[in-house]
Amino acid sequence: MTSSVWHPNTQMKEWGTFDTISKGKGIWLIDSKGNKIIDAVGSMWCNVWGHSNPELVKAITNQSKKIQHSSMFNLTNDPVEKLAKNLIRISPGMNKVFYSDNGSSAMEIAIKIALQYWKNIGESKKTQIATIENGYHGDTFGAMSVGYVPEFFGKFKKQLFSTIQFPVPNKYRIPKGLTLTDYQNDCLEKMEKRFSKDNNIAAFIMESGAQMAGGVIIYPNDFQRKISKLCKKHGILFVLDEIATGFGRLGSMIQYKEQKSIPDIVAYGKMLTGGYLTMAATLSSKKIYDSFSGEFNQWKHLFHGHTYTGNPIAASVANQNILMYEKYDLIKKIQKTSKIFSQYYDDISAIDIVGDIRHKGMLMGIELVSDRKKKIPIKTKKSINKVFFEEGKKNGIYLRTLGNIVMLVPPLSIEENELESLLKKTIKTIQAAKSHII
Ligand SMILES: *Cc1c(COP(=O)(O)O)cnc(C)c1O
């Protein structure tokens, strides 16, 4: 039977059919034929406690018996009130929470808040947005504009608004003759120079801690903190995207705390509901929020709102999720379990197509190359992703690569023995995939 479903970022002709996942338990996905595979990508980087966690399921069923959805337009509900308090409590410097239902929207909202802030305080010149090359902030038009990844968005370039882009110090591709520190200083100098010259920059937007979809680039120490200082010095709002990197993925609850860089606006998504329901949040400081306050006919309020904003079932599961981080001391557990990754560096880099291993917290990116010296990305006849998906499945893991990078983004609460098993299976998969490389 043919399906009527159109899949995301997928050449449908190459795939044809898809396995049906009918159940999940812990780190395992179980298909309709009863085959079990480890969810190595945490169902697109969002799963925290594994699948079918009873405490999270209970939060969903309990709330769904009371009220399933009621609008945030003119009304509120208990779960979103509680969640906002929870988020403010764990997010230093933040004061108010605006809800949406996916990360791209949360970033659109961050952009709109930043731009409108300057209008609200009567600064009409501040209209430009600065970003970092290869950042990724979502697939909608504003998010594509600020997170321009050429391979993904080239076809829509004409319709995107322009931004000021700065380079990122990529440890794997340091220009000849430079040290990583030189490289980082060059990037920062470029920013400082431009910031001193242009007084029209409204905001600087970047992912917090690491770039994910743009190629798993983990920032060198102090890069983010220094940018935040430059922004403060030059009157530019500092906007962070913690959608993929916050909530423990990189080993700390709030990545900007670790990076010592308090933003004016921050967005959370992916892990917010433990990976169970769709919800995202954009938080802002008191200074930003206060600028939106005025008489109705001053039109200073925020012009944004989605139908499903502040859904009470999603907020209930998010509250339960945050409670469990604290109850089970998840961040500590991640930091401990994360050490397992490093025990496998040698075995992974012994495979001759492995060019680089990038690891922090519960994230590993393994970049595959056909020439280690020249660092040329590998090519396969089918998409690399399809090859790894098929070989991964034979070894009992669900993989989704990012071009030539094998991503390991497992459920955050994965046990040490489970992670060891995942890493062994990943090594076998990379070895098996070698025969497909051209
Ligand atoms: C996934 C992601 C987004 C977009 O979130 P969606 O829920 O997919 O719209 C934004 N920023 C980062 C860093 C992401 O990884």
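Of all residues in segment 23-45, those that are open to solvent by 40 Å² or more (accessible area, probe 1.4 Å) have Cβ atoms under 7 Å from Cβ atoms of residues that are within 16 Å of the ligand (Cβ to nearest atom), 6 or more apart or on another chain, in 43/275. Which ones in segment 338-375 are of a type in the set (Ser, Thr, Tyr) and part of a helix (DSSP H, G or I)? Scanning segment 338-375 gives 342, 345, 349. Per this entry, residue 269 is counted among residues that are closer than 30 Å to residue 23 by Cβ and open to solvent by less than 10 Å² (accessible area, probe 1.4 Å). Restricting the search to segment 152-171, which residues are touching a strand residue (DSSP E or B) at 6+ places or on another chain (Cβ under 7 Å), more than 16 Å from the ligand (Cβ to nearest atom) and open to solvent by 20 Å² or more (accessible area, probe 1.4 Å)? Selection gives 165, 170.
Comparison of 284, 261, 252 shows that the only residue that is touching a strand residue (DSSP E or B) at 6+ places or on another chain (Cβ under 9 Å), polar (S, T, N, Q) and in contact (Cβ under 8 Å) with a residue 60 or more places away in the chain is 284. Restricting the first member to segment 198-223 and to residues that are more than 16 Å from the ligand (Cβ to nearest atom) and open to solvent by 10 Å² or more (accessible area, probe 1.4 Å), and the second to residues that are among the aliphatic types (A, V, I, L, M) and assigned to a loop (DSSP other than H, G, I, E, B), no beta-carbon pair is closer than 6 Å while six or more apart or on different chains. The criterion of being touching a helix residue (DSSP H, G or I) at 6+ places or on another chain (Cβ under 7 Å) and not acidic (Asp, Glu) does not hold for residue 178.
Is at least one residue of segment 247-262 farther than 23 Å from residue 183 by Cβ, in a loop (DSSP other than H, G, I, E, B) and among the polar types (S, T, N, Q)?
Taking segment 247-262 as the starting set, the residues that turn out to be farther than 23 Å from residue 183 by Cβ are 247-249, 251-254, 257, 262.
Going one step further and asking which of them are in a loop (DSSP other than H, G, I, E, B), we end up with 247-249, 251-254, 262.
Going one step further and asking which of them are among the polar types (S, T, N, Q), we end up with 252.
Within segment 247-262, one or more residues are farther than 23 Å from residue 183 by Cβ, in a loop (DSSP other than H, G, I, E, B) and among the polar types (S, T, N, Q).
Please specify each residue of segment 11-60 satisfying the condition of being under 19 Å from residue 401 (Cα atoms) and within 16 Å of the ligand (Cβ to nearest atom). Within segment 11-60, 41, 42, 43, 44, 45, 46, 47 qualify. Can you pull out the residues in segment 396-419 that are surrounded by fewer than 23 Cβ atoms within 10 Å (Cβ to Cβ) and more than 16 Å from residue 366 (Cα to Cα)? Once the filter is applied, which keeps residues that are surrounded by fewer than 23 Cβ atoms within 10 Å (Cβ to Cβ) and more than 16 Å from residue 366 (Cα to Cα), segment 396-419 yields 396, 415, 416, 417, 418. The set of residues in segment 365-399 that are over 30 Å from residue 16 (Cβ atoms) and either touching a residue at least 40 places away in the same chain (Cβ under 8 Å) or touching a Cys at 6+ places or on another chain (Cβ under 6 Å) (or both) contains only 375. With a requirement of 3 or more residues that are within 22 Å of residue 105 (Cα to Cα), the strands (runs of 3 or more DSSP E) lying completely within segment 118-208 that satisfy it span 128-132, 201-207. Residues that are surrounded by 23 or more Cβ atoms within 10 Å (Cβ to Cβ) and not in a loop (DSSP other than H, G, I, E, B) were ranked within segment 64-103; the one that is farthest from the ligand (Cβ to nearest atom) is 79. Candidates 251, 274, 246: the one that is away from the ligand (no atom under 16 Å from the Cβ) and small (Gly, Ala, Ser) is 251.
Somewhere in segment 12-31, is a residue part of a loop (DSSP other than H, G, I, E, B) and modelled with pLDDT under 95? Before you say what the answer is, go through the steps one by one.
Looking only at segment 12-31, we keep the residues that are part of a loop (DSSP other than H, G, I, E, B), and these are 16-20, 27.
Right, trim to modelled with pLDDT under 95 and you get 16-17.
Yes, there is a match, as at least one residue in segment 12-31 is part of a loop (DSSP other than H, G, I, E, B) and modelled with pLDDT under 95.
Hey, does segment 110-131 have a residue that's surrounded by 18 or more Cβ atoms within 10 Å (Cβ to Cβ), β-branched (Val, Ile, Thr), outside the structural domain of residue 249 (by TED's automatic domain parsing) and within 16 Å of the ligand (Cβ to nearest atom)? Scanning segment 110-131, I find no residue that is surrounded by 18 or more Cβ atoms within 10 Å (Cβ to Cβ), β-branched (Val, Ile, Thr), outside the structural domain of residue 249 (by TED's automatic domain parsing) and within 16 Å of the ligand (Cβ to nearest atom), so the answer is no. Just for segment 134-151: of the residues that are at pLDDT below 95 and more than 12 Å from the ligand (Cβ to nearest atom), which one is least open to solvent (accessible area, probe 1.4 Å)? This residue is 148.
Would you check which residues across segment 198-233 are at pLDDT below 95 and over 19 Å from the mean Cα position of the chain (by Cα) and list them? Correct list: 198, 199, 221.
Go through segment 220-237 and give me each residue that's more than 24 Å from residue 171 (Cα to Cα) and touching a helix residue (DSSP H, G or I) at 6+ places or on another chain (Cβ under 7 Å).
The initial filter retains those residues of segment 220-237 that are more than 24 Å from residue 171 (Cα to Cα), namely 232-237.
Answer for segment 220-237, where residues must be more than 24 Å from residue 171 (Cα to Cα) and touching a helix residue (DSSP H, G or I) at 6+ places or on another chain (Cβ under 7 Å): 234, 236, 237.
The values are calculated or read from the model by the stated rules, or taken from the named source; none is laboratory data. Not measured: the values here are computed from a predicted model. Heads up, the Cβs are rebuilt from the backbone with ideal geometry, glycines too, and the neighbour counts pull from every protein chain shown. Protein only, heavy atoms only, side chains kept; ligands, DNA and RNA dropped before computing areas. Shrake-Rupley method; radii C 1.70, N 1.55, O 1.52, S 1.80 Å.
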